[in-house]
1. Can you find a residue in region 211-233 that is over 23 Å from the mean Cα position of the chain (by Cα) and part of a helix (DSSP H, G or I)?
2. Considering region 36-59 alone, what residues qualify as being farther than 13 Å from residue 23 by Cβ and at pLDDT 85 or above?
3. Given the conditions (1) free of Cβ contacts under 8 Å to residues at least 60 places away in the same chain; (2) outside any loop (DSSP other than H, G, I, E, B), which single one is not true for residue 242?
4. What residue, of 435, 344, 394, is at pLDDT below 95 and not assigned by TED's automatic domain parsing to the domain that holds residue 291?
5. If residue 307 satisfies all but one of (1) in a loop (DSSP other than H, G, I, E, B); (2) in contact (Cβ under 8 Å) with a residue 60 or more places away in the chain; (3) closer than 19 Å to residue 367 by Cβ, what's the number of the condition it fails?
6. Which of the residues spanning region 341-365 are touching a helix residue (DSSP H, G or I) at 6+ places or on another chain (Cβ under 8 Å) and without any contact (Cβ under 8 Å) to a residue 60 or more places away in the chain?
7. Could you list all residues from region 361-378 that are over 15 Å from residue 231 (Cα atoms) and in a strand (DSSP E or B)?
8. Tell me the residue from 261, 275 that is closer than 24 Å to residue 319 by Cβ and not in a helix (DSSP H, G or I), please.
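The values are calculated or read from the model by the stated rules, or taken from the named source; none is laboratory data. Everything numeric here is computed off the predicted structure, so don't read it as measured data. Here the Cβ is made from the backbone with ideal geometry for all residues, glycine too, and neighbour counts use every protein chain on show.
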């Protein structure tokens, strides 16, 4: 009887692992070719894993919330055409055995990973499995706190059940902190920031646990602030000509290209040009080294229907004309809202743009998307009174203006570069050719 191994597929560059969030099929269920078997989540996007064959799911080698490496076998599918008796056997006689086999094989897989996965808790003298360390990182548990957990495994090792029980008890305020003080001042501050602050609640308050993506975003934001020295530069831009040009041609643009023309691709085009002029903004930092990026890959922060945030990336943005930029912006934005982004769509960004003006904000101070060194916030376009200089003299007129807010990493970007870059973006926008075609 043929047995097919369903493996975690490759999901793009730099994506090496994923977390199982939900099994769509249970042991004994019939599966058609290309039908989704389970849902997974990387650190950026959620997606489904389809079956390459038709058959019956006979084994699940991992459970919900387990971390799986790319290429690992996650399920076994029986491809025998005559599956009626197998289905009955699996449903009525062997559910317990199948689960036990899956647990054993899962334990073997974790054991194999121990020698190959880098140790994230290198300062500890104790051994922790990759699964335990991953759970600890997700829940913000420090090294000292992890060491304080009593293990029920061999030689006192902390098992998955041990850490999950500890987390549950900690959330219920049953377990008090037993963190051992560390003499280094920096490490002490980091551990203190990771400890939960007691919050007073009453009977009318509602306590809602963060979803997985919100937890990830929370971790990224805190890590970015702790990593980069954030500073900001602001500049006001007159975009009257752009507003008039777009109003004049947007209907013709949509008719010819089948795409709506928003202000975002116009702004992204200016940012891409400025990055070519100032390559010092198109870099990342790795320890004591600066990595100069050859390609200009613009991330565009997009709000999801559930309120969370994701940053899909426009690859080689400097090589796109306005039509190509508009198509890329609309495609990524639409797929982000529909939850159809692929893991590779969020990888490789070298600089990020966020449109805070879409929510009515005049300007903002965005947090850098690591490991990049800069992020630009686009403020709302507003009609404001302004001084207009003419050969006949100055007078007051109504102009369309907006603020650009540039956050950059002061470790490697000084004020001269950070300010000059955002000024160049403003110059491109104000010098926009109103006679250009699209």
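1. Checked region 211-233: no residue is over 23 Å from the mean Cα position of the chain (by Cα) and part of a helix (DSSP H, G or I).
2. If the condition is that a residue be farther than 13 Å from residue 23 by Cβ and at pLDDT 85 or above, then 50, 52, 53, 54, 55, 56, 58 are the ones that fit.
3. Condition not satisfied by residue 242: (1).
4. Within the list 435, 344, 394, the selection yields 435.
5. (2)
6. Residue satisfying the conditions is 364 alone.
7. 378 - this is the single residue of region 361-378 that is over 15 Å from residue 231 (Cα atoms) and in a strand (DSSP E or B).
8. 261
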